[in-house]
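Step one of this worksheet: look at the structure below.
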Amino acid sequence: MDEILNSGNIPYVSEASVSVEIETEDMTLNIGPQHPSTHGVLRLVAKVDGEKISSVEPVLGYMHRGYEKLAEVRTYPQITTLVNRIDWVSGFANEIPFIAATEKLMEIEAPERAKHIRLILTEMARIASHFVFNGAYALEIGALTPIFLAMEDRERILDLIESVTGGRFHPNFNRIGGIKPAAGSGPTTKKNVQDLPSGFYQETRDAMEKVLEAVERMEDLVGGNEVFKMRTKGVGIISKELAEEYGVSGPILRASGVKFDLRTQTDFLPYDKFEYEIPTGENGDCYDRWYVRLVEMRESAKIILQAIDSMPSGPLQTKVPKVIKVPKGQSYVRTENPKGEMGYYIISEGGLGPYRLKIRTPSFSNISILPVLLEGQLLPDLIAIMGSLDFVLGDVDR
Amino acid sequence: MKNFRPKLPGFLTGMKILLFNMFKTLSPFSPNPNVNYPFEKEIVAPRARGVIALDQEACTSCMLCARQCPDWCIYIEGHKELQPPTKPGGRQRSRAVLDRFDIDYALCMYCGICVEVCPFDALFWTPEYEYSEYNMGDMLHDKTRLDQWLKTVPEVEGLES
Amino acid sequence: MIDGSEILVKAGIVLAFALNGAVIFTILDVKGASWMQRRPGPLHVGLRGFIFPLAEIIKFFQKEDITPKNVDTAVFKWAPAYVLASVFGLFVVVPISPTLVGSDLDLGVFYLLAISSLSTLGVLTAGWSSANKYSLMGGIRAAGQLIAYELPLILSVVGVVIQAETMSLVGIVEKQIEWGLPFAISGQGIAFIIFMIAATAEMMRVPFDMPIGESELVSGFLTEYSGVRFLIFYIAEYMNMFIMCAIASTLFLGGYHFPLLPVEWVNFYGPVVLITKTFLLGFILVLVRWSFPRFREDQLQNLAWKILIPLSLLNILITSIMKVVF
């Protein structure tokens, strides 16, 4: 005791501190693979302190199907049928960059009519994907009706796609050099040209009118609601620098203020012939991301209406040999999937199929921002933010 | 960005939309978007990919469809038969006869490659979709069953001008 | 001196009334929801689908009774009973005509508010005793929400009591008949809106269904309940909805009275009028349920403590001033 008093190391009263907070441990909450709000089997291991989240770690891979390995043992037409199952909500938009990459390697170009039909089907796929987003996002925030109304409106678009291609979700309509020219290669079916069926123009015009009405209705029903605005404004703000650092793309990037749309840079689809706006947001919160996708639906409907009025006539596919062998080389093509930027990198050694196919999917890069964004947020905000990123698990683990 | 210009406070507009929806559903004058499935069937587009039909006479067991299928779900076995010569003193011709042509619809991806590559017009698409079974093994359709689907192949419809 | 048979008969009638009310409100909720979503709803069960609650009740009775292993058994099994008991008690006091009432207590309003706050205990113990982190979070959110919304409920009714000078429910209706206008128009309009919002929060319906946040904590505190226990929670929620709408129409809209109808026949048209008013309020609650998203927990508490309580206190102030002056 004397030594302590005489040593000169007596702690001053002002340096002593008493902790009045109760020491608690964070609870580990497993927002597990089976959950109504993760769009598929995404697992988030979250450390939660009451309702505040301290850290989140996503665990991926529950739905890995091995696309890149499957592509090594298959030929190019077979891979086209497999690839539209990656982002199963928008079927047609997944085939386009793959076919464009092979056409770039073979140095052929599709005829004008084929390009226009491809553009119409891509925009329809974009509208269908954004309908699913609108309905499912409102469901996660708590409004239970808009998903039914969105699914009803989506059925019309799927019926249109089915009348042209034969499949609702997996159209399988692209061929190397154009779109599917005839129903078969036999003596009678070769005359059965698989062009647009009769009555398509009028049905599409009616359907696009209904889409524009549905967009107005969604704006009033979901966006005009004060509770929705309170839940989504100011929540999950992604700044411009954060978005560019993590490589997010698509509507998320546009909602943070960056006016970047790959549709203005593609040359294998004739987007430069039509007038459309590219919506951007100001703050980068959940409300802006929702709003940007809503306005994109409206612009897509306008593009389709313009494209129908100016459809050129001509052949549907350029001449390609029956057994397609792609020359040696590498190519990478990227386009604007409804969820972001999708790219295919093909290394070909001159065989019937690619040597290596690498798929760059938008959702995989988009959810890499989750551990950074979710620190310090409340648990209901986690659901709102995850919903607004609009990812699909087939895209994340292909 | 466009500003909303609501005429009523936002949630009242939403409630009004739902109330009008309710009256639309109850009134007999507006069309019903629902199809009461077992009692009413939906009218599918003629190009819809429902099931594949086989024309046995045209098939020569060239195996192109079985080779190009991405799932390898077509099983073909055949043998060659000698036909009598057409002219007296001529050569005997051989003709391929199908023993077994099965398509396993539990594996089939409905992609359409087999229909497209067949050079002899033996396979056709039909929009039939009601063939589900209780037993997985019954999803393997053999020659006779594939032949029966031929009656449902639709006529070729007209194209847009 | 009341004899036993009268008590039994009255109890039986109240029970029948309660169950029928719950069934009819289930039909209103589910069929109304399906019509708002442009689909026909349950069609094949009965006459165009309107008997489906009976099918649901039978379905729940024949389900397996699953009790998880780590659960606190006594608390887990008795939690539904608390909720049910607190809701049943409310049916005794509500009058369907001046003479047809379970028992016309002098402290009717006080009794109602006291009994309805018992359900908090049931919900909290249900969430805590299921050995599940999601249920625990649901139960804790529920405790905070239910306690916070008790106060606007009570304070909005105090204004009515001041204006009517009596706490018995028959007396309140008689006062509205005497004044000629229901209380919702003659001075208690704000209290009516506050009462409806607080009642929606007490029943844990959308927009206040954070404890049963359906897309986050799959069913919240109800996750581990299955079979008859879930049925008890389910029916208790709809009975609660029915009785809260009935109480609101008694206190604020004039109960069993309808102007211009002869007073001698009130025993016949009283129930019909009361049930019609209950239906209208229930329909508005259903419309609100299917069009609003849900509030976040802190926005909920904000609404209760910072907006509703000051408004209801203001209402009491204005009512007492008007009462003294006039």
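The values are calculated or read from the model by the stated rules, or taken from the named source; none is laboratory data. Computed from a predicted structure; not experimentally measured. Please note: Cβ atoms are built from the backbone with ideal geometry, for glycine as well, and neighbour counts cover all protein chains shown.
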So, of the residues in the stretch A:139-148 that are within 7 Å of chain C (Cβ to nearest Cβ) and in a helix (DSSP H, G or I), which turns out to be modelled with the highest pLDDT? A:Phe148
Scan the stretch A:327-345 for residues that are farther than 30 Å from A:Ile278 by Cα and among the β-branched types (Val, Ile, Thr) and report the count. 0
I'm trying to understand the selection: among the residues of the stretch A:278-335, which are in contact (Cβ under 8 Å) with a residue 60 or more places away in the chain, β-branched (Val, Ile, Thr) and within 14 Å of chain B (Cβ to nearest Cβ)? A:Ile308, A:Val320, A:Ile324
Between residues in the stretch A:64-78 that are at negative phi and away from chain B (no Cβ under 14 Å) and residues that are at pLDDT 90 or above and outside any helix (DSSP H, G or I), which pairs lie under 7 Å by C-beta distance while being six or more apart or on different chains? A:Glu68/A:Leu357; A:Glu68/A:Lys358; A:Glu68/A:Ile359
Hits in the stretch B:18-43 (condition: within 10 Å of chain A (Cβ to nearest Cβ) and surrounded by 19 or more Cβ atoms within 10 Å (Cβ to Cβ)): B:Leu18, B:Asn21
Filter pass, A:Phe200 being under 23 Å from A:Pro338 (Cβ atoms), of a type outside the set (Val, Ile, Thr), in contact with a helix residue (DSSP H, G or I) (Cβ under 8 Å, 6 or more places away or on another chain) and surrounded by fewer than 23 Cβ atoms within 10 Å (Cβ to Cβ): yes
Check B:Tyr129, B:Tyr110 and return the single one that is touching a residue at least 24 places away in the same chain (Cβ under 8 Å) and within 30 Å of A:Lys69 (Cα to Cα). B:Tyr110
Within the stretch A:238-252, does at least one residue satisfy the condition of being of a type in the set (A, V, I, L, M, F, W, C), buried (at least 18 other Cβ atoms within 10 Å of the Cβ) and in contact with a strand residue (DSSP E or B) (Cβ under 9 Å, 6 or more places away or on another chain)? yes
C:Phe221 vs. criteria of a type in the set (A, V, I, L, M, F, W, C), within 14 Å of chain A (Cβ to nearest Cβ) and touching a residue at least 40 places away in the same chain (Cβ under 8 Å): no
What residue, of A:Leu382, A:Leu357, A:Leu370, is touching a residue at least 60 places away in the same chain (Cβ under 8 Å), assigned to a strand (DSSP E or B) and not β-branched (Val, Ile, Thr)? A:Leu357
If you go through the stretch B:105-126 one residue at a time, do you hit one that is away from every other protein chain (no Cβ under 14 Å) and over 30 Å from A:Gly199 (Cα atoms)? yes
Please determine whether any residue of the stretch A:186-206 is more than 9 Å from every other protein chain (Cβ to nearest Cβ), under 30 Å from B:Phe11 (Cα atoms) and part of a helix (DSSP H, G or I). yes
Which number in (1) surrounded by 17 or more Cβ atoms within 10 Å (Cβ to Cβ); (2) under 29 Å from A:Gly91 (Cα atoms); (3) of a type outside the set (A, V, I, L, M, F, W, C); (4) in contact with a Gly (Cβ under 8 Å, 6 or more places away or on another chain) marks the one condition that B:Ser61 misses? (2)
When restricted to C:Val87, C:Val75, C:Val30, the only residue assigned to a helix (DSSP H, G or I), at pLDDT 85 or above, exposed (fewer than 15 other Cβ atoms within 10 Å of the Cβ) and among the aliphatic types (A, V, I, L, M) is C:Val75
Enumeration of residues in the stretch A:212-237 that are closer than 20 Å to B:Ile17 by Cα, of a type in the set (A, V, I, L, M, F, W, C) and either surrounded by 23 or more Cβ atoms within 10 Å (Cβ to Cβ) or within 13 Å of chain B (Cβ to nearest Cβ) (or both): A:Ala214, A:Val215, A:Met218, A:Leu221, A:Val222, A:Val227, A:Phe228
If you take just the helices (runs of 4 or more DSSP H) that sit entirely in the stretch C:257-326, which of them hold at least 1 residues that are within 14 Å of chain A (Cβ to nearest Cβ)? C:266-291, C:297-302
